[in-house]
Structures are given as structure tokens and as C-alpha cells.
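Comments concern the structure below.
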Amino acid sequence: MKKHHWALVSLWVNLLQVLLKFLAGVLTGSLSMIGEAVHSLSDSFASAVAFVTIKLSDKKTQKFPYGLYRLENLGSVLIAFFLLLTAYEMVKRALTQQVVVREEYLSVGLAVVVFSLLSSLALSFFERRAGKRLNSPALMTDSYHTLTDALGSFLVLLSLLGVHMGYQLDRYFALGVALLICYTALNILWREVSVLLDVSADEKTLSRIREVLLSFPEVKEIKSLFVRSSGGRLFADLVLVLEGRDFVKMHHLVDCIEEALKKEVKELDMVFIHYEPTEGELFRVGVLLDEKGDVSRHFETARELLIFGKSPERLTIRHGDEKALPELIRSKGLLLVVCGHHPVSPCAKGILSKGGVFVWETEEKNPYRALKEVVHGLLEEQSQRSSGGSL
């Protein structure tokens, strides 16, 4: 079954329990039983919230490109407030009203509370297992809520058994149920509010991600690693120092890293990878200029090499030697050179290929606009490759 199917099952089970507990509570006069009916009613609201948030959380739109996963966390917060409201009502009734359980309907109460206990335990077990398998915080929260209902039913069972033995202790068991509900609600609030405030993923998850990253020999350093949770999904933002000078190979490496991370950590929805070269391997880009100072249309017509790097350079190109320009480009440690077209000479192509130099073709004449085109083009290409993954 899917996540929303489990939420519907929980909703119908809780509604049935509400009806049975309320009738049994009215017949027996048991405050703890009536409190449990209110508790089950809050469970029903909680299951309804879980159903709605699960149905909406996977929706991705242009306005919400990361999806609406946090609706599940917000739904869990609402469930916690339902729990607190239930606890408040129970405490108020236990302290302000006289509580006497009528023994003539005791068998009805016992039958209802045993059914409620067993059905809640079964639902909590299967719902929690489904929540783990489907990675849904709303289902997980609802399963804990249902478990609280089972524990509350157990306390009501003890209260009714006490009446059967001649002890009217229902008021005190009702207070115990209220305290149990408060404890669960506060735990839920702490966990879900932490997620809404972008708390980091747990250390175990971070360690798994580090192990995957460092399994690649090209990864020399993890400069930063930020992983946040949203609706049971994880979003990672990484800055890595990579060894390599070939743009194409570097892009491919980043794609491989992303694929390995998502394979190892199933909860990862998006991975943003920013990379830097190792020290001494600064990315340097060259632009070939013609005699007018525009971007050269061909390698053969290039007269100058404009280098963009830590310290810009402008070099004159010796004319007439087809090996001279590729050798110059390679000797300057350039990773990419901008020109109107690739070189025609197989010799020139071989020298550039051996040096790992990528030729970027452009129709732009202005060298600075051409450089801007390169940066924009590389980012766009990487974005299309990742489809919401690495950057």
C-alpha cells in the first residue's frame, strides 16, 4: 500500500474506536474511557491531517521546485497539538469531576477496551513498518500516536479491572493517560520543529555520505557538507576539492558521485555539488583573438591569446606554425579555450586532446561576453545533466 492508503486505514480504525469508546464510556461512567474516546478522536483528526499532507507533500511546481515535503512535518506538529489538547481535557475532568464507574456495564467496557488495545497495537506496528519503508514522518508520527492510544487503552483496562476488584481508581488512571499523551506530544514537537528549523541530518547519515565521497580517489577534501531534512527527504549541499583538469571528466565525475550518494542514502532527494580544483590546478580559460581584437573565427586567424585566471595575460601568437598555438595553450595550463571553430589540423587536435584542453565554439565576437557565455553554458549543461541534482 502507498502512504495515503495507510493514513486512510488509520482514520477508519480510529473513527471506529471513537464510537465504541464513547458509548462504553457513557454506559460505564469511566472518565478514562471517555478520555480515550477523545484521544481516539484526536487520532482521527491526526490521521486525516496525515492523509492530506501525504497527498500534497510530493507535489512539485515551478513555484515550489523542492516540493511540499514539509507539509508532512507541519502535519506532525498539528498532531502534537491535538495530543496536548486531549491531555488538557482529561486532566481538567479528572480534577474537577466526581468519577464513579458503574459495574453493571463493566463487561461492555472491558470488551471495548480489549478490542481497542489489540487493534491499536496491530495498527501501530504495521503503520510504523510502512512509515520506515516509505520514509514518511507523518506515518511514523501517526504510528506513535496510535501506540500512545494503545498504552492509554491499557491504563483504562487496569482501571476497569480495579473496579472489578472493588477499587474506584479511574480518576488516577485518567491522569496517567494524560501524562503519557503530553510526553508523546512534546517529543513530536521537538523533533518536527527541529526539522522545520533546518536541523542537520544525524551523524550516522553524514558519516555514510563522507564514506561515499572519500571512496573516490579524485576527492581530495570535503570543504563543507550540509544535509537538511524535509518531510523525510534529505537535501545535500557539498563543496569538494577535486583533482583533475579536464572539464568533461570533472562533470562526469560529479555525476558519478551524485549517483553513488543516492544509491547509498535512499532518502537523498537532491544533491548540489560545488567543486574546486586542488591547489596549483586553478581553472584557466583562454580566448583566441583576431587582429581586430574580436574572438577569432578560426585557429588559423588567431593573433593573440587572452588568458583569464588568477593573473590575466595577453600573449602574441606566432603565425604560420600549426603546432605553435596548441603547444602554447597546453604550456599555459589552460583547461578551456574559446574560438569560433575547432582547429582543422589533426596535429593541433591531437596536441589539445593530449593536454586535456576543451575547445568551446562561439559566435560571440566580444571576448568578455564570450567568457560569460562559457560560464552560463557550463552551469546550464550541468543543471540539465543533474535534473535537480548536482551543481
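The values are calculated or read from the model by the stated rules, or taken from the named source; none is laboratory data. Computed from a prediction, not measured in an experiment: that's the story for all the values here. In this analysis, Cβ positions are derived from the backbone assuming ideal geometry, glycine residues included, and neighbour counts consider all displayed protein chains.
Remarks
- Members of the stretch 26-35 that are more than 16 Å from TYR172 (Cα to Cα) and not polar (S, T, N, Q): VAL26, LEU27
- Just so you know, in the stretch 96-110 the residues that are in a helix (DSSP H, G or I) and in contact (Cβ under 8 Å) with a residue 24 or more places away in the chain include one that is farthest from the chain's Cα centre (by Cα), and it is GLU103.
- Among the residues making up the stretch 158-190, those that are crowded, with 20+ Cβ neighbours inside 10 Å and closer than 16 Å to ALA24 by Cα are SER159, LEU160, VAL163, ASP170, ALA174.
- Annotation note: of ILE273, ILE307, the sole residue that is at pLDDT 80 or above, in contact with a Lys or Arg (Cβ under 7 Å, 6 or more places away or on another chain) and in a strand (DSSP E or B) is ILE307.
- Some residue of the stretch 252-259 being modelled with pLDDT of 85 or more and either charged (D, E, K, R) or assigned by TED's automatic domain parsing to the domain that holds CYS347 (or both): yes
- Residue match in the stretch 372-390 (condition: surrounded by 15 or more Cβ atoms within 10 Å (Cβ to Cβ), in contact with a strand residue (DSSP E or B) (Cβ under 8 Å, 6 or more places away or on another chain), at pLDDT 85 or above and of a type in the set (A, V, I, L, M, F, W, C)): no
- When the stretch 320-350 is limited to residues that are of a type in the set (Gly, Ala, Ser) and part of a helix (DSSP H, G or I), the one that is farthest from GLY286 (Cα to Cα) turns out to be GLY350.
- Meets criteria (surrounded by fewer than 23 Cβ atoms within 10 Å (Cβ to Cβ) and modelled with pLDDT under 80) for VAL193: yes
- Some residue of the stretch 46-66 being outside the structural domain of ARG228 (by TED's automatic domain parsing) and modelled with pLDDT of 75 or more: no
- The stretch 199-228: number of residues that are at pLDDT below 80 and farther than 19 Å from ILE273 by Cβ: 3
- Considering residues of the stretch 354-369 that are closer than 20 Å to ILE317 by Cβ, surrounded by 15 or more Cβ atoms within 10 Å (Cβ to Cβ) and at pLDDT below 85 only, the residue nearest to the chain's Cα centre (by Cα): PHE358
- Scanning the stretch 210-231 for residues being assigned to a loop (DSSP other than H, G, I, E, B) and surrounded by 14 or more Cβ atoms within 10 Å (Cβ to Cβ) gives a total of 3.
- Screening the stretch 323-353 for residues that are closer than 16 Å to GLU373 by Cα and β-branched (Val, Ile, Thr) and picking the one that is surrounded by the fewest Cβ atoms within 10 Å (Cβ to Cβ) gives VAL338.
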